[in-house]
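K.L.:
A single structure is presented below for examination.
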Amino acid sequence: MLSNFDIERICRKLELPIVGVFSKDKLPKKPQIGSYYVNLQDSNAGGGTHWVMFKIYSDDERENSKKGKKEHTIGALFFDSFGLDMPKEVSEFLTPFKPIPYSNRQIQGLNQDECGWYCISCDYSLEHKQHTDTYLEDFNKFIALWSDKPSTNLKYLKSLFKPL
């Protein structure tokens, strides 16, 4: 499993808009636009269990954004490679952005520990593989990429990051 230091280093290398890496009980006081990597274990409970990622975004910032739109779209989305809903702490933090779309497909096997890599691949796809005008549309495309077989997904994930 990736450490918080690994995630920060890889995100910098991939030029991802990371706000920070946090334990679920240590989220910052004020939300800001960017990517948040969250470990689901409380900060005083050990070295971490599982990484999830959420993004606060503005579609106006996207390369494919339609210029001259009248509405300013700020939203949030949540990604968990196990396809579970967000923990209470994250849900409370993201209250101003509800409803919040989330990945409801399990793409990672229960005995696999590549959750941090899945989070980074989601963030990378949303930032550098923009195919539509909105983060939400690209998020749905990202989720649809994956097989229902975690072993197939792991092979694909490894091929994405082999150059690193």
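The values are calculated or read from the model by the stated rules, or taken from the named source; none is laboratory data. Since the model is a prediction, treat every value here as computed from it, not as a measurement. Because the Cβ atoms are built from the backbone with ideal geometry, glycine has one as well, and the counts that use them run over all protein chains shown. With ligands, DNA and RNA removed, areas are computed over all heavy atoms of the protein, side chains included. Shrake-Rupley method; radii C 1.70, N 1.55, O 1.52, S 1.80 Å.
K.L.:
Keeping to segment 113-142, report how many residues are in a helix (DSSP H, G or I), among the acidic types (Asp, Glu) and either under 15 Å from Ile10 (Cβ atoms) or under 10 Å from the mean Cα position of the chain (by Cα) (or both).
P.N.:
2
K.L.:
I've got another one for you. Restricting the first residue to segment 28-53 and requiring it to be at positive phi, which pairs with a second residue that is open to solvent by 30 Å² or more (accessible area, probe 1.4 Å) and of a type outside the set (A, V, I, L, M, F, W, C) meet a Cβ separation below 7 Å and a spacing of at least six or different chains?
P.N.:
Gly34/Pro17; Gly48/Gln41
K.L.:
Sort out which residues of segment 62-96 are touching an Asp or Glu at 6+ places or on another chain (Cβ under 7 Å), open to solvent by 50 Å² or more (accessible area, probe 1.4 Å) and modelled with pLDDT of 65 or more, and write them in order of number.
P.N.:
Glu89
K.L.:
From (1) in contact with a Pro (Cβ under 9 Å, 6 or more places away or on another chain); (2) open to solvent by less than 80 Å² (accessible area, probe 1.4 Å), pick out the condition that doesn't hold for Tyr124.
P.N.:
Evaluating Tyr124 over (1) in contact with a Pro (Cβ under 9 Å, 6 or more places away or on another chain); (2) open to solvent by less than 80 Å² (accessible area, probe 1.4 Å) leaves (1) as the failure.
K.L.:
Out of all the residues in segment 102-114, is one or more of a type in the set (Phe, Trp, Tyr), without any contact (Cβ under 8 Å) to a residue 24 or more places away in the chain and either farther than 15 Å from Tyr36 by Cα or out of contact with any Gly (no Cβ under 6 Å at 6 or more places or on another chain) (or both)?
P.N.:
No, every residue in segment 102-114 fails to be of a type in the set (Phe, Trp, Tyr), without any contact (Cβ under 8 Å) to a residue 24 or more places away in the chain and either farther than 15 Å from Tyr36 by Cα or out of contact with any Gly (no Cβ under 6 Å at 6 or more places or on another chain) (or both).
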